[in-house]
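The values are calculated or read from the model by the stated rules, or taken from the named source; none is laboratory data. Note that this is a predicted model, so its numbers are computed, not measured. Note that we place each Cβ from the backbone using ideal geometry, even for glycine, and neighbour counts take in every protein chain shown.
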Amino acid sequence: MSFLNTSNLRGDVMGGLTAGIIALPLALAFGEASGAGPIAGLYGAIIVGFFAALFGGTGSQISGPTGPMVVVFAGVFASLGGNPALVFAAVVLAGLLQILFGVLKFGQFIRLVPYPVVSGFMSGIGVIIIALQMSRLFGHEPEGSGTIPALSAIPGAMMDPNLIALGIGLMTLAIVFFWPKKLGKYLPAPLAALIIATLVSVAFAGAPILGDVPTGLPSFIMPALERDSLLIVVEAAFLLALLGAIDSLLTSLVADNMTRTRHDSNRELVGQGIGNTVAGLFGGVPGAGATMRTVVNIRTGGQFKISGMVHGLVLLAVALVLAPVASLIPHAALAGILVKVGYDIIDWSYLKRAHKGPRWDLALMAVVLGLTVFVDLITAVGAGVVLAALAFIKQLSAEQLKNFNVSSREIANPLERELLARGGDKVTLFDFGGPLSFGAAADLGHHVRERADGETKVLILDFSRVPFLDLSAAKAVETIVEDALHAGKSLYVAGVNEKVREVLSGLQVTSDLPDDHWFDTRQTALEHALKHIGVSTEVDHQRLPMEARIAPAE
């Protein structure tokens, strides 16, 4: 198989052409929303789209500026005062970090971000995009940067609307939300809205327009770093890299489901990194895998890398020829298109069903959404992942501890069940049941003390189903051993494999435990426990099922 698969050339060309047409209004809108200008959005779509397709690991993926990336980029653009050398240094660094993620094979880990966290920050980004565009729908620019200034500017914009801009904005919203699907096959709704709104704006002057849009090829920008802004650049680069990686790999999963293929996540990260690095060197807005454009590409026949490359070349032709026409596009039209983008990013499918799912997941999603909108994305994602991990550990620990103590009725083997029943309250068996999380280990000693108190003379710790042990669990076992010896109880250990025994011995956890208190099987430990308390181990084997009629261990 060659590097560029040409077996579906016609489908790839048609898919790339259609995706390019759909990407045009979005690229201009994202560029305008970022603060770098519409042509920067177009350059980003061209460069990231072409190079991510050429070097990436998802054949049908279409890449370019996306809502999440633009929200972060707009923030860093404002923070750095629009200084191109500093702003695009963050983009170049983000691309290099993505390449590093791919080389170090981080792709499989990035996909482990829990769904409520992904849903929360994606929905939060949708809310931010809508908030940032509301004033523009009324013909005004929001003062300052960020969500709160944008929200606070909305009432003033509503009280003093530019009626022509408002009319164009409402018309754009109507087109992008209600454009007939049959017509959408030939003329996508965003492009139709852009054309119609621009014609209306020309006929009825008065709405703010984009103005001068540069034409031709982009110029090289030398990235620079300054001590005062180094932290902002590095933080923005890391967030762009992480967000772009998550965004791209989620889109890759969508593409896999539609094409019945499997993408190479690490290669995809390298491709996205190359695209963003080159985009940063030539003043392009950073990008990632774009779900809507990828879906359109697949539905119109695109399957392989050529489709994404064609998409980039289509946009390059537009940048070289049609940029002067783009100068006539009204801000309100792009605002209307972006409001639809923000609406689509919000996870409505989950929100409609959230009340039927776990309440904690809904609460986590709401926390992440709130942090995304009112704090920042890196805090939202970091806090969300930590909270999700802690909640999972707590839930897992509770489940492990719930099944930790074993009664005679819970043992499957009838012979062992009979032996434990004979021990009564004097023999207590603890079956670990599998690997111990550090959350469960923290309460293990207290749990054993609670259940082995009173008449218990012998404690049996069954490690038969424990494949490995970490430091937390080993320290918990040490506490149990010390408590048992201090209370004058005998403690037997059964079913320990070599790996677990090495850990216990290496940490000197069981140094005070006699050698004859270690047993290969639970049955042997139970028989010795009964002998220790002076109870007979003789069992009427005729009363046991056939599979349990085995000779007692010596």
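Is at least one residue of the range 44-52 aromatic (F, W, Y), assigned by TED's automatic domain parsing to the domain that holds L210 and at pLDDT 95 or above?
yes
So I460 passes all but one of these: (1) farther than 22 Å from W360 by Cβ; (2) out of contact with any Phe, Trp or Tyr (no Cβ under 6 Å at 6 or more places or on another chain). Which condition number does it fail?
For I460, the failing item is (2).
Please go through the range 283-313 and give me each residue that is modelled with pLDDT of 90 or more, crowded, with 21+ Cβ neighbours inside 10 Å and under 28 Å from P223 (Cα atoms), ordered by number.
Correct list: G283, G284, V285, P286, G287, A288, G289, G308, H311, G312.
If only one of V92, V72 is at pLDDT below 95 and buried (at least 18 other Cβ atoms within 10 Å of the Cβ), which one is it? Explain how you work it out, then say what you get.
Details: V92 fails: at pLDDT below 95.
None of the other options fit; the residue is V72.
Working carefully through the options I128, I164, find the one that is under 28 Å from Y350 (Cα atoms) and more than 17 Å from the chain's Cα centre (by Cα).
Details: I164 fails: under 28 Å from Y350 (Cα atoms).
Just one listed residue meets the conditions, I128.
Test of understanding: among L469, L504, L526, L491, which residue is surrounded by 15 or more Cβ atoms within 10 Å (Cβ to Cβ), modelled with pLDDT of 85 or more and not in a helix (DSSP H, G or I)? Quick ask: steps written out before the conclusion?
Details: L469 fails: modelled with pLDDT of 85 or more; L504 fails: not in a helix (DSSP H, G or I); L526 fails: not in a helix (DSSP H, G or I).
On inspection, the qualifying residue turns out to be L491.
Please work out if I21 is at pLDDT below 85 and within 20 Å of G289 (Cα to Cα).
yes
When the residues of the range 184-197 are narrowed to those that are buried (at least 20 other Cβ atoms within 10 Å of the Cβ) and small (G, A, S), which ends up farthest from the chain's Cα centre (by Cα)?
Restricting to residues being buried (at least 20 other Cβ atoms within 10 Å of the Cβ) and small (G, A, S), the top hit is A197.
Which of (1) at pLDDT 90 or above; (2) in contact with an Asp or Glu (Cβ under 9 Å, 6 or more places away or on another chain) is the odd one out, the single condition G275 does not satisfy?
All conditions pass for G275, except number (2).
In the range 239-270, which residue that is of a type in the set (D, E) and modelled with pLDDT of 90 or more is nearest to V375 (Cα to Cα)? Don't jump to the end; show me each part of the working.
Going through the range 239-270, the residues of a type in the set (D, E) turn out to be 247, 256, 264, 268.
Still in the running and modelled with pLDDT of 90 or more: 264, 268.
Values: D264: 33, E268: 30 Å.
Step by step, filter the range 239-270, then rank; the result is E268.
Among the residues of the range 198-221, count how many are assigned to a helix (DSSP H, G or I) and crowded, with 16+ Cβ neighbours inside 10 Å.
Here is the first cut: in the range 198-221, the ones assigned to a helix (DSSP H, G or I) are 198-203.
This time we only want the ones that are crowded, with 16+ Cβ neighbours inside 10 Å, so: 198, 200-201.
The number of residues fulfilling the criteria is 3.
Give me a count of the residues in the range 494-513 that are at positive phi and in contact (Cβ under 8 Å) with a residue 24 or more places away in the chain. Spell out the reasoning first.
So in the range 494-513, the residues at positive phi come out as 495, 508.
Those left that are additionally in contact (Cβ under 8 Å) with a residue 24 or more places away in the chain: 495.
Residues that pass the stated criteria total 1.
Return the only residue of G439, G423, G488 being in contact (Cβ under 8 Å) with a residue 40 or more places away in the chain and over 42 Å from the mean Cα position of the chain (by Cα).
Details: G439 fails: over 42 Å from the mean Cα position of the chain (by Cα); G488 fails: in contact (Cβ under 8 Å) with a residue 40 or more places away in the chain.
Just one listed residue meets the conditions, G423.
Among L253, L320, which is the only one that is under 18 Å from G57 (Cα atoms) and assigned by TED's automatic domain parsing to the domain that holds G120? Spell out the reasoning first.
Values: L320 fails: under 18 Å from G57 (Cα atoms).
Criteria check complete, one pass: L253.
Which fully enclosed helices (runs of 4 or more DSSP H) of the range 113-183 have 3 or more residues being of a type outside the set (G, A, S) and surrounded by 19 or more Cβ atoms within 10 Å (Cβ to Cβ)? Step through it out loud before you land on a result.
Working: elements: 115-137, 147-159, 163-178.
Counting at least 3 such residues, we get 115-137, 163-178.
Taking L401, is it in contact with a helix residue (DSSP H, G or I) (Cβ under 6 Å, 6 or more places away or on another chain), in contact (Cβ under 8 Å) with a residue 40 or more places away in the chain and surrounded by 15 or more Cβ atoms within 10 Å (Cβ to Cβ)?
Details: in contact with a helix residue (DSSP H, G or I) (Cβ under 6 Å, 6 or more places away or on another chain): yes; in contact (Cβ under 8 Å) with a residue 40 or more places away in the chain: yes; surrounded by 15 or more Cβ atoms within 10 Å (Cβ to Cβ): yes.
When the stated conditions are applied, L401 passes them.
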